[in-house]
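The values are calculated or read from the model by the stated rules, or taken from the named source; none is laboratory data. Predicted, not measured: the structure shown is a model, and the values here were computed from it. Glycine also receives a Cβ, built like all others from the backbone with ideal geometry; neighbour counts cover every protein chain displayed. Just so you know, the surface numbers come from the protein's heavy atoms only, side chains and all, with ligands and any DNA or RNA stripped out. Shrake-Rupley method; radii C 1.70, N 1.55, O 1.52, S 1.80 Å.
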Amino acid sequence: MTPPRLLGDRRGWLFTALVGASLLQAIGFAGTALATRSAFGALSSDESIARNTLIALAASAALVAMMQVCFRVLADAIGERYAKSVRLALFAHASASAQPDIDRRRRGYVFMRFIGDLTALKQWPGLGLPRLVQSMVVLPCSVAILFLLHRPFGGISLGIIGLVLLAVLFTRGPLLKAHENQRAQRARIAADMAERMPLAPQLKAAQRQAREATKLSNQADRLAGLAVRRRSIAEALKAIPDMSAGLAAALFLAIGANQNLGTGTIAGALAALALTITPLRNLMALTDKAAAFQAAHQKLQALLERPTILPDVSKSALPKGPLSLELNLPGQEQIIIQPGDHVALTPKLLDHIAPLLTGLCSLPEGQILLSDRDVWDINVESLGRRVAIIDDSPLVLKGSLRRALALGLRQRPSDEQMLQRLEKVGLTPILQTLGGLDRRLLEGASDCSPSERIELAALRAAVLRPGLLLLRHGNDNPQILSSLKRLRATLITARVPAGAARAPANPGH
């Protein structure tokens, strides 16, 4: 996968409107400078200021203000829409990744991809790029005005612009390096904090609080040093236009006095100079945002380039009813399980095939067939509906128990239908013990005990009515085991003697 394009997903239309707003704002700036020259020219000649000049001055200022509002609104819309595209790209990539690959990543770093880097990624298209466009429009306009007022004034403004561009060119590399170092250190601290905060009481009990606090303190000191270095470079860049503005203003006054230029011309030139310095100052600030965006974008691209499981758009779906299973795995004897069989496999083998049968990871060697179809050729959504795993870590989103039981179904059954399915297999008492369909659950059912999570997984399997059941945990619960055997499905259990790893010859044994 590749990162979203800056102007993709209809953001190009917003960008076009933003360019139009910048052009109108440049016209307003030009009107302000020319009206200022006319007004001061009239005052220096002891004449009254023409009404049209005053109207033009007020109208130009109003146009600049209104276009600035439009500019900021459009820029923010571009930034938010790009952040949305990045979030969706990250989620899509995670959804297409193998579960072991997700599990190997530090939770803190995964969290930072969704929050920390998004700030830098959003600021460039939402603030940096629009201001760059604004500067590219306003600067030529202001320079043209200065040339129109007095040619040497235009030459001075070009010299200032050249100085600023040279400064940007020479500091781009160090600024990018500073951002990369600061970003890596900030992500490291955030990841450590995100992973240690939930364990803080246990760390204190293990007498690790002082050591962990010292480690975090040292990391924070290093981050502070890196932040100061980056800020020093960025602020030094911002100071260049301001220092140049003072020098240019002094030159304008000196040239005006030596060449006996009119007061209106000098005043207009100073107004145009202000219009030149503002976009230059923005340009210097944009250099910092561009470096932050580049550093975050490199990490985003590296993340999206990680291998994923192939898309399953054209893959087949599993049939209704009990499913057959054939295992042809390296180093193991072939196992064939007929539809509707109740079979026992070793816990190690069951743990190995469970993620393969649910599409959470791919099989590097060997072959697994479900109803004579290779698992790799079966739609992942079909696997999620037709294969159910009973263990102590069921998929649960924050919400009602009703919602948890219906996860994986294209259409949620009514309460009456759910209760009928549970009553049919004798799981209604377990539902009542768990608090009924209206009970609120936390993410991952973290407010439930392991045994309750196993019961919840069994309830979900009864509502889902799969074709294959993998009972990883709960073998010691007679009620769950008896209820699952009533389902019209192939049942595979664990926790059996090593000699029971092969499928029995008689179905239902």
Selection from 275, 258, 241, by position along the positive dipole direction of segment 241-334 (Cβ): 258
Taking the C-alpha atoms of segment 289-366, convex hull volume expressed per residue in Å³: 164
All aspartates and glutamates inside 14 Å of residue 177 as judged from Cα atoms, apart from same-chain residues fewer than 8 positions distant: 288
Spatial separation of Cα centroids for segment 415-440 and segment 232-276, in angstrom: 78
Tail fraction, Cα-Cα pairs, segment 277-413, threshold 24 Å, whole percent: 51
Cα lying deepest toward the dipole's positive end in segment 361-481, options 467, 368, 450, charges on Cβ: 467
Axial C-alpha extent at least 24 Å, average Kyte-Doolittle at least -0.5 - helices from the chain (DSSP): 11-44, 51-96, 129-149, 151-196, 209-258, 263-304
Highest to lowest packing among 195-205, 267-277, scored as the average C-beta count within 10 Å: 267-277, 195-205
Cα gyration tensor of the chain - equivalent ellipsoid semi-axes, whole Å, descending: 69, 25, 21
Carbon/sulfur fraction of accessible area - the chain, other protein chains in place, 1.4 Å, %: 58
Range of Cα positions in segment 36-81 per principal axis (Å), largest first: 55, 15, 7
Cα-derived Rg over Rh, computed across segment 338-479 with Rh taken as Kirkwood radius: 0.96
Solvent-accessible heavy-atom area per residue, rounded to whole Å², over the chain at 1.4 Å: 51
